[in-house]
Amino acid sequence: MLALFDSPDTFLVRYHRHHTGITSWALSRGRARGDLSSYDLLAELVPSQTPHKVVDLGCGDGYLIERLLARGVPTERIVGIDISPDELMLARKRSGLDYVAMLCERADRTTLPNDSTGYVLSHMSFMVLSKIEDVVAEIARILIPGGVFSVVVPSEAEPDGAAAAFFELFNEIYHSQATRAPVLGDPRTWTEAGLRGLLRYESQFDGLEFTHIDLCLDGTVTEVWNSLSARYEAYVILPQHRAQLRDRFMERARQLARSDGTIPCTLPLCQLVCRRANAKN
Ligand SMILES: C[S@@+](CC[C@H](N)C(=O)[O-])C[C@H]1O[C@@H](n2cnc3c(N)ncnc32)[C@H](O)[C@@H]1O
């Protein structure tokens with residue numbers, strides 16, 4: 001097996017250099033509930049004129065921040081944190097984000113003061129962060145007692161339909177190659193039981209609530225392909241394998257097509273909401 005990168009973080013920074021903005025490009029069109037995207041499920045936790053700071057951890061190209069601003073959360077209350085300078089540069093180009101504080105920092109070691117933050121939100125980032133125990137301690141450090149921590153992460157539930165077909169084909173091709181992407185993140189963030197264990201550590205968080213999200217990504221075959229193929233492991237798929245994967249997926253997807261040409265696609269995600277315990281250790 002060939003490892004192409006020194007560390008998961010080197011891989012992440014390089015991936016986001018070459019695929020800047022890919023996550024919101026792939027997922028922001030998805031609908032979780034009514035007209036709400038999975039980003040909106042996090043944004044709606046914050047009251048419009050909150051007096052508290054709101055941190056977006058692993059903010060990428062700032063799509064969640066844009067949704068917070070659209071809700072009326074004041075610019076000066078929002079902080080975006082990411083290790084990718086390329087993602088932050090793209091975020092700053094979004095309308096209204098030029099005055100939002102954006103820090104190119106690691107989630108496990110930020111420069112934010114103790115007890116400075118009312119909300120820590122994270123969309124599709126928590127499951128790739130390294131040094132996760134330090135990240136959890138960092139979130140507990142910056143949150144005020146009673147402050148809200150919420151993440152949207154992939155669910156451990158099995159996908160079906162177009163997503164199931166895609167992952168089956170993808171895994172076949174990925175495992176036929178010698179080259180692998182590094183394993184990203186901590187496996188405890190991939191399951192509800194793991195997350196519970198991580199966040200109950202030293203009783204720093206309580207009131208943990210998990211909600212299953214069926215993210216509807218129905219669309220044309222190309223739209224669904226774009227959403228599903230935006231994965232870290234796809235970075236090391238050889239071009240000829242990628243073309244093969246696309247052809248095989250298109251063939252399977254066409255069998256699922258409705259009369260209007262769209263195909264059904266649901267991605268299972270999970271939202272965790274909890275609060276910083278009132279008594280700090
Ligand atoms: C899958 S993307 C999600 C981006 C954005 N939240 C979204 O959903 O559109 C994960 C993001 O986490 C960032 N990231 C990864 N490890 C990090 C770390 N240790 N500290 C801060 N950001 C990190 C990546 O650079 C990337 O922008």
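Every read-out reported here was derived from the displayed coordinates using simple, explicitly stated rules and does not represent laboratory data. Being a predicted model, the structure only gives us computed values, none of them experimental. Please note: Cβ atoms are built from the backbone with ideal geometry, for glycine as well, and neighbour counts cover all protein chains shown.
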Shape call for region 3-83, from the Cα gyration tensor axes a ≥ b ≥ c (a/c under 1.5 means rounded, otherwise prolate when a/b beats b/c, else oblate), comes out oblate
Checking region 2-57 for chymotrypsin sites (Phe, Trp or Tyr not before Pro) in a loop per DSSP with at most 16 other beta-carbon atoms within 10 Å yields none
Computed on Cα atoms, Rg of region 101-197 relative to 2.2 N^0.38 Å comes out at 1.33
Between the Cα axis of helix 132-142 and the main Cα principal axis of the chain, the angle (0 to 90°, nearest 10) is 40 degrees
The local net charge around LEU41, scoring Lys/Arg +1 and Asp/Glu -1 for residues other than LEU41 whose Cβ lies under 11 Å from its Cβ, equals +1
Helix 239-254: inclination vs the chain longest Cα principal axis, degrees, rounded to 10, gives 80 degrees
In debye to the nearest 20, the charge dipole size for region 213-281, taken about the Cα centre with +1 at each Lys and Arg Cβ and -1 at each Asp and Glu Cβ, equals 400 debye
Helix-only [θ] at 222 nm, the chain, -39500 (n - 2.57) per DSSP H run of 4+, per residue, nearest 500, equals -10500 deg cm²/dmol
Simple spin-label estimate for ARG258/ARG109, 7 Å along Cα→Cβ, in nm, reads 5.0 nm
With the label point 7 Å along the Cα-to-beta-carbon line of THR191 and a cut-off under 18 Å to each amide N, the hits in region 144-173 are 153-159
Site ASN278, offset 7 angstrom along Cα→Cβ, radius 11 Å on amide nitrogen, limited to region 121-147, gives 146
Here the averaged projected area of the chain, based on the convex hull of its alpha-carbon atoms and given in nm², is 14.6 nm²
Under Stokes-Einstein, region 159-281 at 37 °C and 0.692 mPa s, with its Kirkwood radius over C-alpha pairs, diffuses with a coefficient in µm²/s of 195 µm²/s
Candidate cut points under GluC sites (Glu not before Pro) in region 108-173, DSSP loop plus at most 13 other Cβ atoms within 10 Å of their own Cβ, are GLU156
Per the rule of 0.36 nm per residue minus the C-alpha distance, extending THR10 to TRP25 adds in nm 3.2 nm
